[in-house]
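For reference, the structure is listed below as structure tokens.
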Amino acid sequence: SKYFYLDVLKYIELEAVSSGYDLLMPFRPRDESPEGYVRSLQTRSVAGSIMLVPSPQDPRIQALLRAELPSVFIGSMIQGRAATYVKSDYIDGARQITEHLLALGHKRIAFLAGSEASLSSMERLLGCHQALEQAGIALDAHLLRHSGWDMEDAYKAASQLLDERHDFTAIIAASDVMAIGVLRALNEHGLHVPDDISLASFDGIDFGEYIVPPLTTMWQDREAIGRGAVQLLIAMIEGAGQEPPPPLIVPTRLVVRKSTKFAPS
């Protein structure tokens with residue numbers, strides 16, 4: 001979510017400044033060509049770039065790779081002769097959160113997975129699937145919904161799911177922001193968290209602690225992601241011509257709060 005990545009951006013700036021680099025955040029026209037975008041960076045003597053959750057289809061990615069401008073991609077598994085990436089361990093995080101719900105007796109778990117084109121969404125889904133499979137439970141495709149990443153998208157997806165069926169006792173939302181939309185949909189359908197439905201999500205945004213009930217969430221280390229991206233980029237800038245450093249996979253941590261409890265009997 002944008003709240004999560006604003007935090008990441010804060011740590012990118014702190015690490016860049018402490019390492020003696022200036023941070024430039026160019027806002028370019030949407031219709032600018034990918035090559036024009038890269039040229040605009042080069043004419044400003046930009047030493048390298050960090051891209052936050054770029055879509056795999058973003059044409060600027062290939063332009064950066066072709067130009068061999070040192071680049072770090074956050075949230076996408078993109079590598080090149082002068083490129084590497086940083087991401088959270090989404091698979092393990094989703095596995096942990098699903099295992100938490102399974103330990104509470106939940107066997108019918110709905111999953112709001114975010115965008116179908118998103119790597120982080122797919123890896124979250126994979127981790128969920130792995131945990132269910134290990135418990136001998138098949139992932140029910142009818143309980144899987146893709147949506148956008150904002151509150152309204154999640155609200156609509158959850159509302160549609162609840163209009164169709166109530167045969168589940170827990171929902172995993174792919175972000176804390178999405179969980180707020182899910183909460184509204186549950187309230188409108190007369191369901192209470194966690195007495196009727198347990199709700200868990202991802203990111204560990206600060207406001208999740210102040211929602212009623214406070215969200216059980218998979219916390220992502222924004223500082224490690226932001227500072228790590230800068231450190232990888234500087235390593236490439238200062239080691240020009242060498243192999244780029246390996247990707248940085250940042251561990252996640254389950255934070256259990258009051259939005260999850262034992263499945264209703």
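Throughout, read-outs are computed from the coordinates displayed, never taken from laboratory work. All figures in this text were calculated on a predicted structure; none of them were measured in a lab. With ideal geometry, Cβ positions are generated from the backbone for all residues, glycine too; neighbour counts draw on all protein chains shown.
Can you list the aspartates and glutamates whose alpha carbon is less than 12 Å from that of Lys10, not counting same-chain residues fewer than 8 positions off?
By straight Cα distance, Lys10 reaches Glu223.
Over every pair of different alpha-carbon atoms in the range 21-129, take the mean of 1/r and invert it; report that Kirkwood radius in Å.
About 16.0 Å, per the Kirkwood formula over Cα pairs.
Looking at the square roots a ≥ b ≥ c of the eigenvalues of the Cα gyration tensor of the range 90-219, which shape do they give, rounded for a/c under 1.5, prolate if a/b is larger than b/c, or oblate?
Rounded, since a/c falls under 1.5.
Pull up all non-local amide H partners of Ser115: gap of 5 or more, or a different chain, and H-to-H distance under 5 Å with H placed in the peptide plane.
Excluding prolines and chain starts, which carry no amide H, the hits are Ser147.
Can you check what the net charge comes to around Ser19, using other residues whose Cβ is under 13 Å from the Cβ of Ser19 (Lys, Arg +1; Asp, Glu -1)?
Counting the neighbours of Ser19, the net charge comes to -3.
So how far apart, in nm, are the two label points at Lys258 and Leu144 if each is 7 Å from Cα heading toward Cβ?
Inter-label distance under the simple model: 3.4 nm.
Check which residues have an amide H placed less than 5 Å from Thr260's amide H, if you skip close sequence neighbours.
Under 5 Å from the amide H of Thr260 lie the amide H atoms of Leu199, Thr216, each far enough along the sequence or on another chain.
For the range 232-265 and the range 117-157, compute the distance between their C-alpha centroids and round to whole Å.
So the separation of the two Cα centres works out to 19 Å.
Grab the DSSP H runs of the chain that are 4 residues or longer, score each as -39,500 (n - 2.57), total them, divide by all residues and round the 222 nm result to the nearest 500 deg cm²/dmol.
-13500 deg cm²/dmol
Check Ile50: other-chain or 5+ apart residues with amide H under 5 Å from its amide H, H built from backbone geometry?
HN-HN under 5 Å from Ile50: Val72.
With viscosity set to 0.692 mPa s at 37 °C, what whole-number translational diffusion coefficient in µm²/s follows for the range 1-51 from Stokes-Einstein and a Kirkwood radius over Cα pairs?
It diffuses with D of about 263 µm²/s by this estimate.
Give me D for the chain in µm² s⁻¹, whole number, from Stokes-Einstein with Rh from the Kirkwood sum over alpha-carbon pairs, 37 °C and 0.692 mPa s.
169
So between Asp195 and Arg81, what do we pick up on full extension, going 0.36 nm a residue minus the alpha carbon distance?
Between Asp195 and Arg81, full extension yields 35.8 nm more.
Which helices, counted as full DSSP H runs in the chain, have an axial Cα extent of no less than 15 Å and a Kyte-Doolittle average of -0.5 or above?
Answer set is 2-18, 90-103, 119-134, 176-188, 222-238.
Hey, can you rank 85-97, 132-144 by average C-beta count inside 10 Å, highest first?
85-97, 132-144
Using 1/(1 + (r/R0)^6) with R0 = 25 angstrom and r between the beta carbons of Val212 and Lys10, what's the FRET efficiency to the nearest 0.05?
0.40
Given +1 on the Cβ of Lys and Arg, -1 on the Cβ of Asp and Glu, and no further charges, what dipole in debye does the range 18-101 carry about its Cα centre, rounded to the nearest 20?
Around 240 debye, computed over the range 18-101.
Let me spell out the model: positive unit charges on the Cβ of Lys and Arg, negative unit charges on the Cβ of Asp and Glu, origin at the Cα centre of the chain. What dipole size does that give, in debye rounded to 20?
So the dipole magnitude of the chain works out to roughly 120 debye.
On a full-extension model of 0.36 nm per residue, what is the gain between Asp58 and Ala240, subtracting their alpha-carbon distance, rounded to one decimal in nm?
63.0 nm
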